[in-house]
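Read-outs: derived from the displayed coordinates by stated rules, not from any lab. Please read all numbers here as calculations on a predicted model, not as lab measurements.
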Amino acid sequence: MKMKKRSRVLSAFIPQQFTRAIRALADPALAGITILAMTANAFDEDKKEALECGMDGFLSKPIVMEELLAALQKNLK
């Protein structure tokens with residue numbers, strides 16, 4: 001899947017599709033990159049879907065800086 005640098009995600013389902021595609025890549029360095037969901041959809045089902053598709057973390061908006069930093073520290077070690 002090729003993306004333009006300035007493309008924007010308009011569908012709520014596209015992030016899950018891209019996450020699955022990234023996780024399926026043959027190169028372990030690329031397939032293992034950290035992916036964090038950042039969304040205004042804060043329901044438990046949204047978090048469950050994000051984590052089930054292979055995202056490493058879930059943050060709901062408005063983003064709390066301490067939570068973002070903690071998620072980055074946890075996943076970028």
Cα-based Rg and Dmax for the range 14-75, where Dmax is the largest Cα-Cα distance (Å): 11.9, 35
Computed lengthening from ASP44 to LEU25, 0.36 nm per intervening residue step minus Cα-Cα distance: 4.0 nm
